[in-house]
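Only one structure is covered here, and it is reproduced in the block below.
The values are calculated or read from the model by the stated rules, or taken from the named source; none is laboratory data. Predicted model only: the values in this text are computed from it and were never measured. FYI the Cβ positions are ideal-geometry reconstructions off the backbone, even for glycines, and counts take in every protein chain you see. Areas reflect the complete protein model, heavy atoms only, side chains present, ligands, DNA and RNA absent. Shrake-Rupley method; radii C 1.70, N 1.55, O 1.52, S 1.80 Å.
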Amino acid sequence: MSPPLVSAEALRQDAEQQSGLDNWGDRRFIEPLQIYLDSLAASAQLHDRGRKVAAANITRLLKNRLYIQRELHNDPTISQRELSDLLVIVGMPRTGSTLLQNLLACDPAARSLRYYESYTPVKVKAETLEDPRIRTAELQLRVMNRLAPGLTKIHAIHPTGPEECSRLMEHSFVDTLFEIRNWVPEYSEWLHANESRRHYYEEYRTLLQLLDMEEHQTHWMCKSPRHLTSLENLVAVFPNVKLVWTHRDPAYAVPSVASLSAEASAIGSKHVDKTRLGNFWLDRTSKAVHRGLAYRQTDDSNRYVDVEYEDLVEAPIRTVQQIYAQHRYTYSDEFELNMKSWLAEHPKNQHGRHHYSPEEYGLTPEQIRQRFPDIH
C-alpha cells in the first residue's frame, strides 16, 4: 500500500491558506473526495511523483471551488441566470466525439467550453489583454505532455480549444477522469452507485451559468461520455437539451479508452496492469451504454441525433449539416469555412498514429461486442 496521500481536511486547509478563502458552500463534495483519497492509498500504487501530481490536482480543484463560491456569494443572480440552448455530445469514449466537438465549436454562434476555462473556471483579473488562465493552462499541458508524451496521439488538447465538460463535473469529485488517471476500484464502485445524483448536475449548471456571464452566444456546445450514466438528470436540469449520440464499433472504442487510461495512469503509478484496465473499461463502458439506452427508451422526445464514426470521418461537414438540420440550428457560410480551415490545419494522425489492440488489454473483439446491445 502507498502511504496516505493526505486527508481531505488537510487538503482543504491547504486550499484555504493558498486562496485566503474559507467559504465552501455545499459540502457534499467531501464524501467522494475522501473515498477517492482512500482508494488512491489502497490501490493506485502511486510513487512520489504520482502523489505530488494527485495532490496538486486536488488542491487546484478545491481552490477553484472556493473561488467559485466567492463569485456566487458576491453575485447571487449567477445561479438564476437563464442559459443559452444546450447542445451536448454523448456516447462511448473514443467514438469520434472529440473530432465532432472541434467541428461544432467552429460555429461562431456556439459557446464552447475552452480548456483553460475548465482548468480555472473563475476569470482572473489582470492588466494584460491575454487571459492569464491561458498561460496557466499552457504550462500545465506542457508538463503533462512531458510526463506522458503518448497522450497527445490519443487525445490532443489545446489551451484555448474546446474541452470536455466533464472537467467541470470534476470539481464535484464525481467523474470518470479520476478513474482514467489512476487505478481506484473502491472509488469506481462508489461512483457507479452515486454519479447519477441530480445535485451534481445542478453544480454543473451553476458553472455553466458562471461562464456564461463572460461570453453569451446562441447556444452552448458541450461534450462528455460521462453523461450516458446520467441522462435523466441532464434532461431534468436542462429540459430543452439537444443531444448528439456518437457510435463506433466497441471492439475499437473499448481498447482505445483502455490505452488512454494506461498512458494517463503511468504518470503516477508504479505499475499499470493492461489486462485489468481492459476488463475494467469493458465493464464500465458497457454499463454506461446500457444505462443511457434504458433512459432513452423512456424519452419520447426528438432530442437525439445519432452519428456513426465512419460517417463522421468520411464526411465530417455533411455530418454536421445533418445535425444542424435535425436540431434546427442555423448553418452559416462562416461556420462551414471555419470547419474547412480547422480540418486543413488538423489532419488525421497529426501527432502520430495511435496504436492499440484488444489483445494488448486482454480482450478479443468478440468478447467486447457481446457486451453491447444494438444501439440503434
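A few points about this structure:
- Scope region 207-231; condition surrounded by fewer than 19 Cβ atoms within 10 Å (Cβ to Cβ) and closer than 21 Å to Glu170 by Cβ; matching residues: Gln209, Asp212, Met213, Glu214
- Candidates Leu191, Leu208, filtered to the one that is aliphatic (A, V, I, L, M), assigned to a helix (DSSP H, G or I) and touching a strand residue (DSSP E or B) at 6+ places or on another chain (Cβ under 8 Å): Leu208
- Annotation: of all residues in region 5-33 being open to solvent by 40 Å² or more (accessible area, probe 1.4 Å) and under 21 Å from the mean Cα position of the chain (by Cα), the one that is farthest from Ser265 (Cα to Cα) is Arg28.
- Verdict on Ser39 being in a helix (DSSP H, G or I) and closer than 30 Å to His327 by Cα: no
- The residues on offer are Glu195, Glu189, and the sole one that is touching a residue at least 24 places away in the same chain (Cβ under 8 Å) and under 21 Å from Arg291 (Cα atoms) is Glu195.
- Count of residues meeting criterion [surrounded by 17 or more Cβ atoms within 10 Å (Cβ to Cβ) and modelled with pLDDT under 90] in region 135-147: 0
- Test: residue in region 288-299 that is touching a His at 6+ places or on another chain (Cβ under 8 Å), assigned to a helix (DSSP H, G or I), open to solvent by 50 Å² or more (accessible area, probe 1.4 Å) and touching a residue at least 40 places away in the same chain (Cβ under 8 Å): no
- Residue selected from region 251-279 under the condition assigned to a helix (DSSP H, G or I) and open to solvent by 20 Å² or more (accessible area, probe 1.4 Å), by the criterion nearest to Tyr309 (Cα to Cα): Tyr252
- Across region 42-54, the number of residues qualifying as surrounded by 18 or more Cβ atoms within 10 Å (Cβ to Cβ) and either assigned to a strand (DSSP E or B) or of a type in the set (Gly, Ala, Ser) (or both) comes to 5.
- One residue alone among Leu282, Leu337 is within 23 Å of the chain's Cα centre (by Cα) and either touching a residue at least 12 places away in the same chain (Cβ under 8 Å) or in a helix (DSSP H, G or I) (or both), and that residue is Leu282.
- Test: residue in region 102-109 that is crowded, with 22+ Cβ neighbours inside 10 Å and closer than 30 Å to Val272 by Cβ: no
- 2 or more residues in contact with a Phe, Trp or Tyr (Cβ under 9 Å, 6 or more places away or on another chain), over 29 Å from Lys340 (Cβ atoms) and touching a residue at least 24 places away in the same chain (Cβ under 8 Å): qualifying helices (runs of 4 or more DSSP H) within region 57-175: 166-169
- Looking only at region 148-191, and only at residues there that are of a type in the set (D, E, K, R) and open to solvent by 50 Å² or more (accessible area, probe 1.4 Å), the one that is nearest to Lys348 (Cα to Cα): Lys153
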